[in-house]
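Here the structure comes first, spelled out in structure tokens, and everything after it is commentary.
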Amino acid sequence: MLTLIQGANVYAPTYLGTQDVLIGGGKIIAIDENIILDSSVLVKRIDGKNKLVTPGFVDSLVHITGGGGEAGFASRTPEMNLTDATLSGTTTVVGALGTDSSSRTLTNLVAKAKGLKEQGLNVFCHTGSYHLPAKTLTHSITDDIMYIEEFIGVGEVAISDHRSSQPTVQQLAELAAEAKVAGMLSGKKGTVSIHVGPVDSHLSILHQVAQQSDIKLKQFYPTHMNRNKALLDAGIHFCDQGGTIDFTTSTTDYDLAHGEYAAAHALAYCLEQGVAPNQLTMSSDGHASLPIFDKDFNLLGLEVGKEASLLTSFQQAVKEYNVPIEHALMSITSNPADILGVDKGRLKATSDADVVLLDKETLTPEYVWANGTLMVQNTHAVIKGVFE
């Protein structure tokens, strides 16, 4: 069946005006002002009036297999379900391990990714975890990235955090160099996702790597950069030097009350400070454990990241912080796709039909397609996970 969305405001994520969008065979066939079909082929027509058409959201950090529990075995967080992503407009996720790479394994990560892909979602993964030397499936970062299709980079490697392995400049340089070359050999980006903790060293070790080696800052993709204003300002300097930064949309009331910037606020702040819109992204950290520590790193509580927070932060950026829709969309579509080297996050003829139809006023996803398959219709899931 062909699907024709008629008369919607199209953001690709740049604004294209009022357009029709034709979907068929898993692809976007055409985007034009007035698409006329004279055919006996069955066509599903959707009225796009007072709607926005956008690319499917790209969530660049999701703990699809759940996270390790900083409060013991019973606190390990659950796995992600398919509709945790699709009901909020997300059609592409990037899975990773975090603190726990013992009870949470790369084999389970890849198996979960393949399962979600069978159900229609676009899924990529990182090899490795918080700690160095990096754990791998093939005993080689190079081989993992080259020969396992889901692996596109390494991460999330922890720095400036008491839970990290306290990596050295040389270790990070060697890791980034191997990931970069593996990406070159396999047509991937080989990006190194960096978990940045609350310690005052911030991003200094990444700058040291760039100063002492041939590795560029853009090889690293630091996340959680909205923990506090000092880290956020360090992120702006990182962008001034050619890097890109990511803000985490899942948070806790405690962290917000103790200096963390909401992701939407951080996005608006950086744009106001003159950071280029294509250097900024948001991700959910979905299904991660969100530990609450005091200043001495004593655990006070634990919550779970939510994929839906990516949509909420996009809505907040536009409605509460007056971020232009194009720039807010870029942060969750084309920007993470470009940084990670995946062909997603844009609407154009012949591209995969990862498409979201949003209500113009509420910015609520009403229809969601992933690779042309209708996942959400009238805000309800058409396709659910096997055990949902």
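Just to be sure, is Glu326 acidic (Asp, Glu) and either over 20 Å from Thr14 (Cβ atoms) or in a loop (DSSP other than H, G, I, E, B) (or both)? When the stated conditions are applied, Glu326 does not pass them. Please verify whether the stretch 298-315 includes one or more residues that are among the acidic types (Asp, Glu) and touching an Asp or Glu at 6+ places or on another chain (Cβ under 6 Å). Yes: one or more hits.
Return the residue satisfying two criteria in turn: it lies in the stretch 198-233 and is over 24 Å from Asp59 (Cβ atoms) and of a type in the set (A, V, I, L, M, F, W, C), and of such residues it is surrounded by the fewest Cβ atoms within 10 Å (Cβ to Cβ). Filtering first and then ranking leaves Ala230.
Scanning the stretch 148-172 for residues that are farther than 16 Å from Tyr130 by Cα and either acidic (Asp, Glu) or free of Cβ contacts under 8 Å to residues at least 12 places away in the same chain (or both) yields Glu149, Glu150, Gln170.
Just one of the listed residues (Lys348, Lys306, Lys344) is among the charged types (D, E, K, R), outside any helix (DSSP H, G or I) and surrounded by fewer than 20 Cβ atoms within 10 Å (Cβ to Cβ), and it is Lys348. Of the residues making up the stretch 1-27, those that are within 22 Å of the chain's Cα centre (by Cα), of a type in the set (Val, Ile, Thr) and either crowded, with 17+ Cβ neighbours inside 10 Å or modelled with pLDDT under 95 (or both) number 1. Remark: pairs (first residue in the stretch 366-382, over 16 Å from Gly26 (Cα atoms); second residue aromatic (Phe, Trp, Tyr) and not in a loop (DSSP other than H, G, I, E, B); Cβ separation under 7 Å; 6+ apart in sequence or on different chains) = Gln377/Tyr367. The residues in the stretch 54-80 that are under 20 Å from Phe151 (Cα atoms) and modelled with pLDDT of 90 or more can be counted, and the count is 12. Of the residues Gly26, Gly72, Gly68, the single one that is outside the structural domain of Ile325 (by TED's automatic domain parsing) and either of a type in the set (D, E, K, R) or out of contact with any Leu (no Cβ under 8 Å at 6 or more places or on another chain) (or both) is Gly26.
The values are calculated or read from the model by the stated rules, or taken from the named source; none is laboratory data. A quick note: this is a predicted structure, and the numbers were derived from the prediction, not measured. Every residue, glycine among them, receives a Cβ derived from its backbone with ideal geometry; neighbour counts consider all protein chains shown.
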